[in-house]
Amino acid sequence: MALVDLLNVSKNFEAQKILCNVDFHLDEGERVALIGKNGSGKSTLMKIIDKTIPPDSGEVIIKSGIKIKRLLQTPKFKGNLTVREAIENELTEFKEAYERYVKLSEEFAKNPSKQLESDLDKLSKFLDFHNAWNLDDRIERVLQEFDLKKYENKNINLLSGGEQRRVALASLLLQKPDVLLLDEPTNHLDVYMTEFLEEMLLKEKFTFIVVSHDRYFIDRVATRVVELENCKLRSFKGGYADYLRQKEELLKAKEKEFENELRLLKREEEWLRRGVKARLKRNEGRKKRVLELREKVKQDKSEIRKIEMQLKRELFAKQEEKINKQKIMFEIENLNKSIGNKLLIKDFTTRILQKDKIAIVGKNGSGKSTLLKILIGEEKPDSGIIKIGENVKVGYLDQRKSMLDDNKDLIETFCPNGGDHVNVRGRNMHVYGYLREFLFPPEYLTKKIGVLSGGEKTRVALALLFTKDFDVLILDEPTNDLDIPTINILEEYLIDFNGSVIFVSHDRYFVDKITKKLFIFKGDGIIEESYIPYTEYLEIEKELKLLEELDTKKEKTEKKVKKTKKQKKLSYKEQKELEELPKLIEELELTIAEIEECLTNPECYNEKGLTTLSAELEEIKKLYEEKVERYLELEEKKEELEN
């Protein structure tokens, strides 16, 4: 069932075409990932869907009665509220619905009627859809998972931009609108928060459109990928891996079509060269077709090159590196660092070599960026030794892009001493040709840095780094605000970079693709070094956590058994209980079956009361679980004593 339909929609901003006669639909239960270059119109499309802005032409059809909510880049909150109040403020409708359900249930128990039954049914479906039965428990979990619990009583206006975005995201997830529009939801989330977000979106069956550069996230949650390019939409079934496979198939089809068009063009141009009087009216049409075909061949060749380049960048294989006789960039010995009462780094010792590609990973606030600042000398360790290699030059990209001057344009930034050429890894390139590799059109050359968006500034800063003669690149969250095409370009440059790369990132795909080594911040100052892929490490970490939980449970059971070891057999009371429990469990099973059958029969549940029956069923099920657990516990104890 379609919730959203866009028919023949167009949108321009001054001379720039954003959407050109596009069709788009979103069915209930669909999870659409919207990808494309920054500035291609992804956010514009979402704003048209939630009616923030109108299209220039075309039709936007939204199913009657549905609610569409969008995660804003800069959230706005009503009033002077704490974090918990800001979240609860958005859930008033659901709390009122639950209170009304309880009230009507009580009325129905006393005086059943068709109208009350209908109202209860509607409210029940509403609360089911929005999973709004236990809001307090769900608020608590979201606060914990998004690391907001410590701020729950803090004024929301005192939080950072990233923290406010997490509050807004938490609120939207708890509301569960009919259609959710998410613009870069994984920004400011660590991998554990991202995994929780994935779990919620899938488990609670959200319908949503998401703009994201996190390719593992897209691969896990998306049922369809829609690419926005050259103001047109192209749809691909499945997640990101499926998108790449279909893109490759598209490339093959385009190449075949191109070959056929080229053969036709050669035949037609031969006809044109033979001197047929194209001026004659009957030949004018054919001449026009030749010129159109010639233009189409040019466009198709350009598109094929574009797709080839994208796939080449995306599937760029890691090259094996020899580590013998590599230059030492950093030597770190017994490094310690605390901020306030929080221990961030404890007795950390390592060596960073010339061709090391290292990702620094871990939870938000664990000290990752602090380690980068210590490496570049911006912060001092409390104790320990850091030796930097002889004549080693370090390039640093921080999250503020402080290397850029907002008052300079791109030409001044890249050619501060005049001219229009830059040296990039031994190649002398025109600045426009180089910036085109980072997806900047020619008109950007004279734009001031200060007027660029966050993503554009990141692209400029990264491009600038590769024009400098550095031995080490230190990058703090380099993929933030970047689109996937730009991340592909960055990956290509980093893989090809001959020095060492040290970066902080929560982008699992990016980390897996670039690195062979991890510095994992485990908490309490512990930094673990690992040489396995990050996603594999996370899977192992999950398994170990599960085993730890099982061990804890086993340990508790063993302690209980030890307390009873002095006994040779069960006490008289325990033995009697063990003998009586099977019969009691059987009786409870029959009672549960009877109540469940009654709940499917209107005559039965009208007579006894829907609320009363539901409450009774819940109590009996709880008692049943307790008795089964007690029976198993006594059986296990008896076996232990006899052995």
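For the reader, a short list of remarks on this structure follows.
- Flag not set for residue 343, criterion: of a type in the set (A, V, I, L, M, F, W, C), outside any strand (DSSP E or B), crowded, with 16+ Cβ neighbours inside 10 Å and modelled with pLDDT of 90 or more.
- Criterion violated by residue 534 - all others in (1) under 19 Å from the mean Cα position of the chain (by Cα); (2) aromatic (Phe, Trp, Tyr); (3) closer than 21 Å to residue 462 by Cα satisfied: (3)
- Any chance residue 135 is over 13 Å from residue 86 (Cα atoms) and at pLDDT 90 or above: yes
Yes or no, residue by residue, for (1) among the hydroxyl-bearing types (Ser, Thr, Tyr); (2) farther than 11 Å from residue 358 by Cβ; (3) in the same structural domain as residue 373 (by TED's automatic domain parsing):
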{"residue": "488", "(1), (2), (3)": "no, yes, yes"}
{"residue": "491", "(1), (2), (3)": "no, yes, yes"}
{"residue": "512", "(1), (2), (3)": "no, yes, yes"}
{"residue": "515", "(1), (2), (3)": "yes, no, yes"}
{"residue": "523", "(1), (2), (3)": "no, yes, yes"}
{"residue": "526", "(1), (2), (3)": "no, yes, yes"}
{"residue": "532", "(1), (2), (3)": "no, yes, yes"}
{"residue": "544", "(1), (2), (3)": "no, yes, no"}
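- Subset of region 118-130 that is over 31 Å from the mean Cα position of the chain (by Cα) and free of Cβ contacts under 8 Å to residues at least 60 places away in the same chain - its residue that is farthest from residue 175 (Cα to Cα): 118
- All positions within region 599-643 that are hydroxyl-bearing (Ser, Thr, Tyr), within 29 Å of residue 111 (Cβ to Cβ) and either surrounded by 16 or more Cβ atoms within 10 Å (Cβ to Cβ) or in contact with a strand residue (DSSP E or B) (Cβ under 9 Å, 6 or more places away or on another chain) (or both): 605, 611
Residue-by-condition table, conditions (1) over 22 Å from residue 488 (Cβ atoms); (2) buried (at least 21 other Cβ atoms within 10 Å of the Cβ); (3) assigned by TED's automatic domain parsing to the domain that holds residue 127:
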site	(1), (2), (3)
170	yes, yes, no
175	yes, no, no
195	yes, no, no
203	yes, no, no
206	yes, yes, no
213	no, yes, no
226	no, yes, no
233	no, no, no
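- Taking the criterion of being β-branched (Val, Ile, Thr) and under 19 Å from residue 131 (Cβ atoms), the only residue of region 174-193 that qualifies is 179.
- In region 77-102, residue farthest from residue 612 (Cα to Cα) [restricted to those that are of a type in the set (Lys, Arg) and at pLDDT 90 or above]: 84
- Of all the residues in region 560-590, those that are in a helix (DSSP H, G or I) and modelled with pLDDT under 65 number 6.
- For region 81-113, a residue qualifies if it is part of a helix (DSSP H, G or I) and more than 35 Å from the chain's Cα centre (by Cα), and the qualifying residues are 100, 101, 102, 103, 104, 105, 106, 107, 108, 109, 110.
- Across region 86-108, the qualifying residues are those that are touching a residue at least 40 places away in the same chain (Cβ under 8 Å) and surrounded by 16 or more Cβ atoms within 10 Å (Cβ to Cβ), and the one among them that is nearest to residue 156 (Cα to Cα) is 86.
- Single residue of region 321-340 satisfying the filter (more than 24 Å from residue 392 (Cα to Cα) and exposed (fewer than 15 other Cβ atoms within 10 Å of the Cβ)) that is modelled with the highest pLDDT: 339
- Segments classed as strands (runs of 3 or more DSSP E), wholly inside region 476-535, with at least 2 members that are without any contact (Cβ under 8 Å) to a residue 40 or more places away in the chain: 526-530
- Subset tally (residues that are among the hydroxyl-bearing types (Ser, Thr, Tyr) and touching an Asp or Glu at 6+ places or on another chain (Cβ under 8 Å)) for region 64-114: 1
- Yes/no for residue 596 being at pLDDT below 85, closer than 12 Å to residue 109 by Cα and outside the structural domain of residue 101 (by TED's automatic domain parsing): no
- Being out of contact with any strand residue (DSSP E or B) (no Cβ under 6 Å at 6 or more places or on another chain) and free of Cβ contacts under 8 Å to residues at least 12 places away in the same chain holds for only one residue in 78, 67, and it is 78.
- Restricting 471, 483, 507 to those that are surrounded by 17 or more Cβ atoms within 10 Å (Cβ to Cβ), under 22 Å from residue 394 (Cβ atoms) and of a type in the set (Asp, Glu) reduces the list to 471.
- Check on residue 13, more than 25 Å from residue 188 (Cβ to Cβ) and among the aromatic types (Phe, Trp, Tyr): yes
The values are calculated or read from the model by the stated rules, or taken from the named source; none is laboratory data. These numbers come from a predicted model, not from an experiment. Virtual Cβ from ideal backbone geometry, glycine too; neighbours counted across all protein chains shown.
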